[in-house]
Amino acid sequence: MTSINISLPDSMGAYIEQQVTSGGYSSASEYFRELVRQDQKRKAKEQVETLLLEGLNSGTATEMTTQDWQDIRQVVRERAMKRKEQDQG
C-alpha cells in the first residue's frame, strides 16, 4: 500500500476530522480512500457519457442486420479465445 503525506490548512483538517467522526469512518485514511473511489466512479461515468454522446452525434442510426450480429459474435469469440490462450500460457 502506498503512503502519501498531505498538508492541509487547519480548517480543512478540522473538517476532515468532523467527517471521520460523523461519517462513521475509522480514520482519515479511510475517508480519503472513499473520496478517491467516488472520484474514480465520477470520472468513469463522465467517460461513458462522453462515449454515448459521441455515438449519438456520429451520424444517422441504421438498423442492425443479421450479418452485423454475426460479425459481432465472431469478434467476441476471437477475443475470448485470445484471452483463454493468454490465461493458459
Restricting attention to the stretch 29-62, the residues that are in a helix (DSSP H, G or I) and of a type in the set (S, T, N, Q) number exactly 5
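Check the stretch 63-74 and report whether any residue there is polar (S, T, N, Q), in a helix (DSSP H, G or I) and modelled with pLDDT under 95. Let's see the steps before the verdict.
Step one: of the stretch 63-74, the residues polar (S, T, N, Q) are 65-67, 70, 74.
Among the residues that remain, those that are also in a helix (DSSP H, G or I) are: 66-67, 70, 74.
So of that shortlist, the ones also modelled with pLDDT under 95 come out as none.
Within the stretch 63-74, none of the residues are polar (S, T, N, Q), in a helix (DSSP H, G or I) and modelled with pLDDT under 95.
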For ALA14, which of the numbered conditions (1) under 24 Å from the mean Cα position of the chain (by Cα); (2) free of Cβ contacts under 8 Å to residues at least 12 places away in the same chain; (3) part of a helix (DSSP H, G or I) fails to hold?
(1)
Would you mind telling me which numbered condition in (1) under 24 Å from the mean Cα position of the chain (by Cα); (2) within 30 Å of ILE4 (Cβ to Cβ); (3) assigned to a helix (DSSP H, G or I) THR21 fails?
(1)
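The values are calculated or read from the model by the stated rules, or taken from the named source; none is laboratory data. Keep in mind that what you see is a predicted model, and the values were worked out from it rather than measured. Cβ atoms come from the backbone with ideal geometry, glycine included; neighbour counts cover every protein chain shown.
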